[in-house]
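Since every read-out is calculated from the coordinates, none of them should be taken as a lab result. Computed from a predicted structure; not experimentally measured. Using ideal geometry, Cβ is built from the backbone for each residue, glycine included, and neighbour counts are taken over all protein chains shown.
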DNA sequence: ACTCCAATGTTATATCATTACATCGTTTGC
DNA sequence: GCAAACGATGTAATGATATAACATTGGAGT
Ligand SMILES: [Zn+2]
Ligand SMILES: [Zn+2]
Ligand SMILES: [Zn+2]
Ligand SMILES: [Zn+2]
């Protein structure tokens, strides 16, 4: 059985910090938010993140060099691909999993004999809300 | 018209270095290979890379913090999504563009009202050749 | 109590990227 | 021609991200 071991104090604090944040946080941003809890060095954060990344409770957004708490940790203990949409204006992140996207990559990998271990799927742009706000802003500037 | 301006000396050197390399190179690795050409500071590399990334002649692999020359620069002056498969053993990179993958992301974006600006699509694992070699190696270790 | 092992604490260092400012050469307007 | 404007370049310093190395602590198992 060996149910997944409970999180340690440091891991819990880091996960809480990420869960509470609305936007992705860098390791050093996490560190700053945990100084009150006694955190003093980057390694305390990175070590906790290592475990959290291993168990899938946290994801790293390579394009941002930042970390987010998983939106649905219960779901993908498995192996399915996860993708992220990142709003450049508000910093919001939407995590989604699309089996059809995975199928396409699998098809490519199959054809090439490539064995996939990890994937980085991130799209950056403007979320629906920021898009609307941007359009409204332009309209104002244009004197409409 | 304004045909795209010719590359400057620094840009040319950086692009040549990336093209000659078999694996992705970090900015500092590029710098080291160009010291003989008079390069002395990271900024010389980063500035050249900025332009090369803009024009699509070079890509950054976020998951590696490294850069590669584009495999088919003529093709995507346009806007289509590009994906990369990265072998963790030999460092090889395969650049491919799959309209079906793009269609899936577009479908998601359409549904959410998300406006895509840039994408990061990278899969890491073992290429066909390294996979075979790994299998052979295991066989040897097992005494077969 | 003793050993083992994982987590933690601490310092230093490695790696990646940008800011700030000076210089040089070309183009543009006069 | 000349000067302003601009882009590319050179150089130094700094910021931001991540890891190495080593000491210490605190159970779990014997
Ligand atoms: Zn997740
Ligand atoms: Zn937004
Ligand atoms: Zn390309
Ligand atoms: Zn390989």
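Mind pulling the per residue volume of the convex hull built on the Cα atoms of the protein assembly as shown? Å³ is fine. It would help to have the intermediate numbers written out before the result.
Details: hull volume 61.1 nm³, N = 288.
In the protein assembly as shown, the Cα hull volume divided by residue count equals 212 Å³.
What does the structure give for B:126-133 when I average, per residue, the other chain Cβ atoms found within 10 Å of the residue Cβ?
Working: counts 5, 4, 6, 1, 3, 3, 1, 0.
Mean partner-chain Cβ count within 10 Å for B:126-133: 3.
If you take the Cα Rg of the stretch B:7-144 and divide it by 2.2 N^0.38 Å, with N the number of residues, what do you get? Intermediate results must be reported in sequence, preceding the final value.
Values: Rg = 18.1 Å, N = 138, 2.2 N^0.38 = 14.3 Å.
Ratio of Cα Rg to 2.2 N^0.38 Å: 1.26.
Please report, for residue B:88, the nm distances (one decimal) from its label point, 7 Å out from Cα along the beta-carbon direction, to the equivalent points in the remaining copies, shortest first.
Output for residue B:88: 3.1 nm, nearest copy listed first.
Where along chain A is the Cβ that lies nearest the axis linking it to chain B, and how many Å separate them?
A:62, 2
Return a whole-number percent for the relative contact order of chain B, with Cα pairs under 8 Å and 6 or more residues apart as the contact set.
Working: 149 pairs, mean separation 28.3, N = 144.
Across chain B, relative contact order equals 20 percent.
In whole Å and largest first, what semi-axes does the C-alpha gyration tensor of the stretch B:39-107 yield when each eigenvalue is scaled by 5 and square-rooted?
Values: eigenvalues 117, 52, 21 Å².
Each semi-axis is √(5λ); the values are 24, 16, 10 Å.
Considering only DSSP beta bridges with both partners in the stretch B:44-144, what is the antiparallel share in %, to the nearest 5? Don't skip to the answer; put the middle values down first.
Working: 8 of 12 bridges.
Once the DSSP bridges in the stretch B:44-144 are tallied, antiparallel ones form about 65 percent.
Given the DSSP H assignment, sum -39500 (n - 2.57) over each helix run of at least 4 residues in chain A and divide by its residue total; what's the result at 222 nm in deg cm²/dmol, nearest 500? Working shown, then result.
Numbers: 5 runs with 60 residues, N = 144.
Calculated mean residue ellipticity at 222 nm is -13000 deg cm²/dmol.
In whole Å, how far is the Cα centre of the stretch A:65-134 from that of the stretch A:1-50?
The distance from the Cα centre of the stretch A:65-134 to that of the stretch A:1-50 comes to 22 Å.
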